[in-house]
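Data block below; observations after.
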Amino acid sequence: MTGAAIRQTFLDFYQARGHRILPSASLVPEDPTVLLTIAGMLQFKPVFLGQRERLVPRATTSQKCVRTNDIENVGVTARHHTFFEMLGNFSFGDYFKEQAIAWAWELSTQVFGLPADRLVPSVYEEDDEAFAIWRDQIGIPAHRIQRMGSEDNFWASGPTGPCGPCSEIYYDFHPEQGDQKLDLEDDRRFIEFYNLVFMQYNRDAEGNLTPLANQNIDTGLGLERMAQILQAVPNNYETDLIFPMIEAAANLAGLNYATAEDRTKTSLKVIGDHIRAVMHMIADGITASNMGRGYVLRRLIRRVVRHGQLLGISELFTPQVVEVAMQLAEPFYPEVRERDSVIKSELEREEIQFRKTLDRGEKLLAEIIAQGPKQISGQDAFTLYDTHGFPLELTEEIAAEQGLIVDRAGFDAAMEEQRQRAKDAHITIDLTAQADLDALLMDLPHTEFVGYGQPAQSAKIL
Ligand code: ATP
Ligand code: MG
Ligand code: MG
Ligand code: MG
C-alpha cells in the first residue's frame, strides 16, 4: 500500500464513522506555546479547553508536523523524522475510550490487515479501565498488555494545557522471540505507530490537574511508520514517502544507496528527511532567519547542504531535490506547488550563502593549521562553530587530514559555558496566560518541543 493510499484509507475509515475530514493546520501554529505544529491535536486545543465551540463532534485529519526534538534521531533511528504526517481521529466530548480503542483495533487489523498477534498495546499504569477494555472487549491476553509510566503514557502538548492518559499500539517485527518478555523500548523489535490519548484534564502552571468539561479523544498514527510496516522495509526512509528524494540525492552524488556505507546512508536519510521539512515550512510562510522558526529552518537547510557536501555534491542541489518532494506532496498538499518559486529561491539563496560560509571556515581553519599547532584548540573549534557557523565534524575531518586532533573537551567546555549564559538569560513564560505571546515568542530562538516531562533544552543542530 502506498503512503498516499494509507493516508486516504485512514481518513475514509473515520469519515465512514461520522468524522468530518478537516485540512491540516499550518506548521505555524495559532497556539503560542509551541514554535511549530508538533501534533494533530494542536489546532483543536482551544476546543479541548472549552475556549472555542466545537465545529463538529468528530473530526479526522492528516496533520503536517515538525518535531525538532527528534532531529538527532534522524537517520539514526529507523522511525524518527523532523517532518512527518500524523493521521488523527478526534472526539470532542463525543465518543471516548471504548469506541476509540475498538476503532483503532478494527482499522489496524481489518483494514490495514496487521496480524493481531503482532500487535502489543500499552496503557498508562493507573488506567485499569483501558486495560480492561483491551483484555475483555478486544480479547488481548492480559500478559501482552503493557502498563507504562507517565513518560510514555500520559500525553500532553506541553508543560501546561490539555492532557490525559494514553494507550499506544506497537507493532512487533520479531514475534518469534515470544511474549515472555515484551520490552517495548527495544526498537529493533517494536515500533510504536498509534497513540490514543484520552484527553480529560487540564494542567495548570503549578502542575495541578483539573478535569476538562468534556472527555475527548485525540489520536496520532504516524503515516511514515505505518508505511514502513505495510511496505515491509527496514526503516521509514525506504518507504515511497521519502525514498525518491534519497534516490535523487544519490544520483546527483553518483552513488548507489543500496551498496553505500552506513555513514553515506545517514547523510542521504538526513537529506531525504529535512528536504520535506524545509519545503513544508517555507510553504507555510517561514523564511530563514536567525530567530525562532526561521532559525530552525535555516539550520535544517544548512544540514541538508552540509550532508550534500559530505556526499561530494558540488553543484546547487537543494532546488532539484525539493522538486521531487513537491511532486510527491502536491496531490494532498497543493500549497507546496503554489509556493514553488518561493521555496526554490529560498533554498537556492540559503544554499549558496552556506556554501560560502563553509568555504570561509575552511580558509580560517587552514590559517590556524598553517601556524603548526599540536592540536586544534577547543576555543578555535568553538569560534569556528559559533561565530562562523562552521560545523565541528568538519573541523575534525579537515584537522584529521593534517594528522591533527581537535580538543573535544575544550570545545564542550566552551559550548557549556555558552549554554550557561543562554540559560541565565532564559525566560519562563506562563503558558496558561491568555495574553498574546506571539511577539515574545519570536524573540526566543530556541523554544521548541522537547517531549513531555523533560526540561526544555535547545537542540544541537549542526
Ligand atoms: P516515539 O516514542 O517513537 O518517539 P512518541 O511517543 O514521541 O513516539 P507521540 O507523541 O505519541 O509519539 O505521537 C503520535 C504518533 O506520531 C506516534 O505514535 C508515531 O507514530 C508518530 N510520531 C511521533 N514522533 C514522530 C517522529 N519524530 N517521526 C515520525 N513519526 C512520529
Ligand atoms: Mg512513545
Ligand atoms: Mg507516543
Ligand atoms: Mg518521541
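Please report the spacing between the Cα centers of segment 89-126 and segment 181-206 in Å, no decimals. Taking the Cα centre of segment 181-206 as reference, the centre of segment 89-126 is 13 Å away.
For every helix of n ≥ 4 consecutive DSSP H residues, a contribution of -39,500 (n - 2.57) applies; sum these over the chain, divide by its total residues, and give [θ] at 222 nm rounded to the nearest 500 deg cm²/dmol. Counting only the DSSP helices, I get -12000 deg cm²/dmol. Taking the C-alpha atoms only, the angle from helix 392-401 to the longest principal axis of the chain is near 40 degrees.
Using the Cα centre as the reference, give the magnitude of the dipole from point charges on the C-beta atoms of segment 261-409 (Lys, Arg: +1; Asp, Glu: -1; all else neutral), rounded to the nearest 20 debye. Present the calculation step by step, with values, prior to reporting the outcome.
Numbers: 20 positive and 24 negative charges, 43 e Å.
Using Cβ point charges on Lys, Arg, Asp and Glu, segment 261-409 gives about 200 debye.
Between 0 and 90 degrees, the angle of helix 3-15 with respect to the longest Cα principal axis of the chain falls at about 30 degrees. Partners of Lys374 within straight-line reach, counting aspartates and glutamates whose Cα lies under 15 Å from its Cα and excluding those fewer than 8 residues away in the same chain: Glu396, Glu401, Asp407. Across segment 94-238, C-alpha contacts under 8 Å between residues 6 or more apart give a mean separation that, scaled by the residue count, equals a relative contact order of 22 percent.
Arranged from highest to lowest average of other beta-carbon atoms within 10 Å per residue, in what order do the peptides 313-325, 385-397 appear? Walk me through the numbers on the way to the answer.
Numbers: 313-325: 19.0, 385-397: 16.9.
Taking the mean over residues of other Cβ atoms within 10 Å, the ranking is 313-325, 385-397.
Quick note on the chain: its Rg to Rh ratio, both from C-alpha atoms and Rh being the Kirkwood radius, is 0.98. Against the main long axis of the alpha-carbon atoms of the chain, helix 243-253 sits at an angle near 10°.
Dipole of the chain computed with +1 at Lys/Arg Cβ and -1 at Asp/Glu Cβ about the Cα centre; of Ala132, Leu392, Pro23, farthest Cα towards the positive end is Pro23.
Please state the relative contact order of segment 1-151 as a whole percent: Cα pairs under 8 Å, 6+ residues apart?
Working: 188 pairs, mean separation 27.5, N = 151.
Taking the mean separation of contacting Cα pairs over the length of segment 1-151, I get 18 percent.
Only lysines eight or more places from Lys356 in sequence, or on another chain, were considered; those with a Cα closer than 21 Å are Lys344.
About the centre of its Cα atoms, the chain shows a dipole size close to 680 debye [charges on the beta carbon of Lys, Arg (+1) and Asp, Glu (-1) only; nearest 20 debye].
Every number here is computed from the coordinates shown, using simple stated rules; none is lab data. Please read these numbers as outputs of a predicted model, since none were measured by experiment. FYI the Cβ positions are ideal-geometry reconstructions off the backbone, even for glycines, and counts take in every protein chain you see.
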